[in-house]
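Engineer: Would you mind keeping the following structure in view while I ask a few things?
The values are calculated or read from the model by the stated rules, or taken from the named source; none is laboratory data. Treat the numbers as computed from the prediction; the structure is a model and nothing was measured. Here the Cβ positions follow ideal geometry from the backbone for every residue, glycine too, while neighbour counts run over all protein chains shown.
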Amino acid sequence: MNLFFWRKRKDKINPLYTEGLNLMLAGEHASAMEKFRQIVKQDTENINAYNRLAELYRQTNRPKQALKIHLSLTIRTNLTDFQKVQVHRGLLEDWEALGKYHKALKIAEKLYSFQKNNLWTLKAQIRIYKKMNDWKSAHQILTQMLKIRHEDNKPLEALYLMQYGITLMQQAQYSAARKQFEHANHIDPNGAAPHLYSGNSYSRENNPEKAIEEWSKFAQKDPENAFLVFEKIEKTYFEMGQFGRIAQFYESVLRNDTDNVQATAGLADFYEKKGDTKSALDLVERTLELEPSSIRMRLLYSKLLNKIGEKPAVNQQIDNMLNIMSKTQVFICAECNFQSEDMLWLCPKCSAENSFHIQT
């Protein structure tokens, strides 16, 4: 029997219930709760009013009271199948709000006994697994949900696999993590982020060549965020004693993205460090003609000019400013304005995908 097709009830809707719903929509929670309390005092069989009252308790950060209501409803023997579904959905959200994720997942299993492969339950499971940082299970449920919906979302599948790989990296399981990153790239060949983390894993295993290979792939696929690996690659080449390859790397980035200010600054820095101040100045001046509002390029230009004037104290101050700027950059979610010091591909606040950009 389909739980979501019911014949209309002939009873009239309690006007207090309508008033309560309108107050909920208006955000007047206290007044809405009073309406639903009045209803359940008058009619203890009004399951909808109990559910709304519990929902309001949860919305006002009182999930224990919501849980008490829903648990009391589960022992009733006269509930319709539809009412059982609604009560158990509320119960799942109560346990979730209380941080009892394993209990919430058990309720999800109970919901499947009412209706298999229900999308609401699948979405709830994904949400809870994400909160548990169990991206392996979240990916499995996501795949199941996409199949039911006949939907193809390879970038999202790849993102979940990458997140799973990151959790493995945090446990120092670098080889296992890379398998997930490789799987993610196989599913979504255009994805860049898995290369970044794969490079990080090789770096932690002291495999600099493979690390640079993966970081370079990231820079090629995502020129806008390529600066995330510039310092890593430059430092690694420096430690390997392969200074010339630093310039080659920046030049390859600029061939693919001629307006990349960060790469230009990196190349100019390299020229300056090896004593070729003239090449550095020429490069910076050309870039400032195209990007006159670039603060970083103007600071770098000032540094080079001061170097010509032999003002080491000023140079030191400018170096400090450049260092502070590079460490205090902020990435912002375009959907909810959540801020992070690190580049993220999944917002921890609103769950938006690929929504972060650097604050300008």
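Engineer: Tell me which residues, restricted to the stretch 332-343, are at pLDDT 85 or above and under 23 Å from Gly266 (Cα atoms). Quick ask: steps written out before the conclusion?
Structural biologist: The first filter runs over the stretch 332-343 and keeps only residues at pLDDT 85 or above, leaving 332-340.
Of everything in the stretch 332-343, nothing turns out to be at pLDDT 85 or above and under 23 Å from Gly266 (Cα atoms).
Engineer: I'd like to verify a number: residues in the stretch 29-59 that are part of a loop (DSSP other than H, G, I, E, B) and either exposed (fewer than 13 other Cβ atoms within 10 Å of the Cβ) or at pLDDT 95 or above (or both), how many? Reasoning before the result, please.
Structural biologist: To start, the set of residues in the stretch 29-59 that are part of a loop (DSSP other than H, G, I, E, B) comprises 43-46.
Now restrict to residues that are either exposed (fewer than 13 other Cβ atoms within 10 Å of the Cβ) or at pLDDT 95 or above (or both): 44-45.
Selection size over the stretch 29-59: 2.
Engineer: I'd like the full set of residues that are among the hydrophobic types (A, V, I, L, M, F, W, C), touching a Phe, Trp or Tyr at 6+ places or on another chain (Cβ under 9 Å) and farther than 18 Å from Pro348 by Cβ, limited to the stretch 169-193. Talk me through it step by step, then tell me what you get.
Structural biologist: Filtering the stretch 169-193 for residues among the hydrophobic types (A, V, I, L, M, F, W, C) gives 169, 172, 176-177, 181, 184, 187, 192-193.
With the extra rule that they be touching a Phe, Trp or Tyr at 6+ places or on another chain (Cβ under 9 Å), the set shrinks to 169, 177, 181, 184, 192-193.
Within the stretch 169-193, Ala177, Phe181, Ala184, Ala192 qualify.
Engineer: Which of the helices (runs of 4 or more DSSP H) found entirely inside the stretch 204-301 contain at least 1 residues meeting this: touching a Ser or Thr at 6+ places or on another chain (Cβ under 8 Å), among the β-branched types (Val, Ile, Thr) and not assigned by TED's automatic domain parsing to the domain that holds His357?
Structural biologist: Details: elements: 208-221, 227-240, 244-256, 261-273, 277-290.
Answer list for the stretch 204-301: 208-221, 227-240, 261-273, 277-290.
Engineer: What number goes with the only condition from (1) under 21 Å from Glu353 (Cα atoms); (2) surrounded by fewer than 20 Cβ atoms within 10 Å (Cβ to Cβ); (3) polar (S, T, N, Q) that Gln125 does not pass?
Structural biologist: (2)
Engineer: In addition: Of all residues in the stretch 179-220, which are hydroxyl-bearing (Ser, Thr, Tyr) and more than 15 Å from Glu234 (Cβ to Cβ)? Give the steps one after another, and end with the answer.
Structural biologist: Step one: list which residues in the stretch 179-220 are hydroxyl-bearing (Ser, Thr, Tyr), which gives 197-198, 201-203, 216.
The answer is Tyr197, Ser198, Ser201, Tyr202.
Engineer: Which of the residues that make up the stretch 170-187 are under 19 Å from the mean Cα position of the chain (by Cα) and crowded, with 20+ Cβ neighbours inside 10 Å?
Structural biologist: Of everything in the stretch 170-187, those that are under 19 Å from the mean Cα position of the chain (by Cα) and crowded, with 20+ Cβ neighbours inside 10 Å turn out to be Ala177, Gln180, Phe181, Ala184, Asn185.
Engineer: Quick check: anything in the stretch 60-74 hydrophobic (A, V, I, L, M, F, W, C), part of a helix (DSSP H, G or I) and either within 28 Å of the chain's Cα centre (by Cα) or farther than 30 Å from Met132 by Cβ (or both)?
Structural biologist: No, the stretch 60-74 contains no residue that is hydrophobic (A, V, I, L, M, F, W, C), part of a helix (DSSP H, G or I) and either within 28 Å of the chain's Cα centre (by Cα) or farther than 30 Å from Met132 by Cβ (or both).
Engineer: May I pose another question? Given (1) under 21 Å from Ser198 (Cα atoms); (2) in a helix (DSSP H, G or I); (3) in contact (Cβ under 8 Å) with a residue 12 or more places away in the chain, where does Arg127 come up short, assuming only one miss?
Structural biologist: Of the numbered conditions (1) under 21 Å from Ser198 (Cα atoms); (2) in a helix (DSSP H, G or I); (3) in contact (Cβ under 8 Å) with a residue 12 or more places away in the chain, the odd one out for Arg127 is (1).
Engineer: Just for the stretch 77-124: of the residues that are part of a loop (DSSP other than H, G, I, E, B) and touching a helix residue (DSSP H, G or I) at 6+ places or on another chain (Cβ under 8 Å), which one is nearest to Tyr50 (Cα to Cα)? Lay out the reasoning, then the answer.
Structural biologist: Restricting attention to the stretch 77-124, the residues satisfying the condition of being part of a loop (DSSP other than H, G, I, E, B) are 77-80, 98-100, 115-118.
Narrowing the set further to residues that are touching a helix residue (DSSP H, G or I) at 6+ places or on another chain (Cβ under 8 Å) leaves 79, 98, 115, 117-118.
Numbers: Leu79: 13, Leu98: 19, Gln115: 22, Asn117: 26, Asn118: 23 Å.
Applying the filter and picking the extreme gives Leu79.
Engineer: Can you name every residue in the stretch 216-269 that is among the hydroxyl-bearing types (Ser, Thr, Tyr) and surrounded by 20 or more Cβ atoms within 10 Å (Cβ to Cβ)? Before the answer, list the steps.
Structural biologist: Our first condition is that a residue be among the hydroxyl-bearing types (Ser, Thr, Tyr); within the stretch 216-269, this holds for 216, 236-237, 250, 252, 258, 264.
Thr236, Tyr237, Tyr250, Thr264, listed by residue number.
Per-residue answers, yes or no, for (1) among the hydrophobic types (A, V, I, L, M, F, W, C); (2) over 30 Å from Gly244 (Cβ atoms); (3) touching a Gly at 6+ places or on another chain (Cβ under 6 Å):
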| position | (1), (2), (3) |
| --- | --- |
| Ile141 | yes, yes, no |
| Glu151 | no, yes, no |
| Ala158 | yes, yes, yes |
| Gln163 | no, yes, no |
| Ser175 | no, yes, no |
| Lys179 | no, yes, no |
| Ser216 | no, no, no |
| Phe227 | yes, no, no |
| Ile233 | yes, no, no |
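For (1) over 27 Å from Ala97 (Cα atoms); (2) at pLDDT 95 or above, each residue gets a yes or a no:
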{"site": "Lys123", "(1), (2)": "no, yes"}
{"site": "His139", "(1), (2)": "no, yes"}
{"site": "Thr143", "(1), (2)": "no, yes"}
{"site": "Arg149", "(1), (2)": "yes, no"}
{"site": "Asp152", "(1), (2)": "yes, no"}
{"site": "Gln163", "(1), (2)": "no, yes"}
{"site": "Ala172", "(1), (2)": "yes, yes"}
{"site": "Ala177", "(1), (2)": "yes, yes"}
{"site": "Asp188", "(1), (2)": "yes, yes"}
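Engineer: For residues that are surrounded by fewer than 18 Cβ atoms within 10 Å (Cβ to Cβ) and either among the polar types (S, T, N, Q) or in contact with a Ser or Thr (Cβ under 9 Å, 6 or more places away or on another chain) (or both), scanning just the stretch 135-168, find the one that is farthest from Trp345 (Cα to Cα).
Structural biologist: Gln144
Engineer: Another question, then. Out of the residues in the stretch 263-307 meeting the condition of being in contact with a Lys or Arg (Cβ under 8 Å, 6 or more places away or on another chain) and of a type outside the set (Gly, Ala, Ser), tell me which one is modelled with the lowest pLDDT.
Structural biologist: As a first pass, look at the stretch 263-307 and keep what is in contact with a Lys or Arg (Cβ under 8 Å, 6 or more places away or on another chain): 265, 272, 277, 288.
Now drop any that are not of a type outside the set (Gly, Ala, Ser), which leaves 272, 277, 288.
Details: Glu272: 87, Thr277: 88, Leu288: 77.
Ranking the candidates gives Leu288 first.
Engineer: Also: Select from the stretch 308-317 the residues that are part of a helix (DSSP H, G or I) and at pLDDT below 75 and list them in ascending order. Before the answer, list the steps.
Structural biologist: So the first thing to find is which residues in the stretch 308-317 are part of a helix (DSSP H, G or I), and the list is 308, 312-317.
Result: Pro312, Ala313, Val314, Asn315, Gln316, Gln317.
Engineer: For His195, indicate whether it is on the phi < 0 side of the Ramachandran plot, in contact (Cβ under 8 Å) with a residue 24 or more places away in the chain and not acidic (Asp, Glu). Before you say what the answer is, go through the steps one by one.
Structural biologist: Working: on the phi < 0 side of the Ramachandran plot: yes; in contact (Cβ under 8 Å) with a residue 24 or more places away in the chain: yes; not acidic (Asp, Glu): yes.
Taking the combined requirement at face value, the residue satisfies it.
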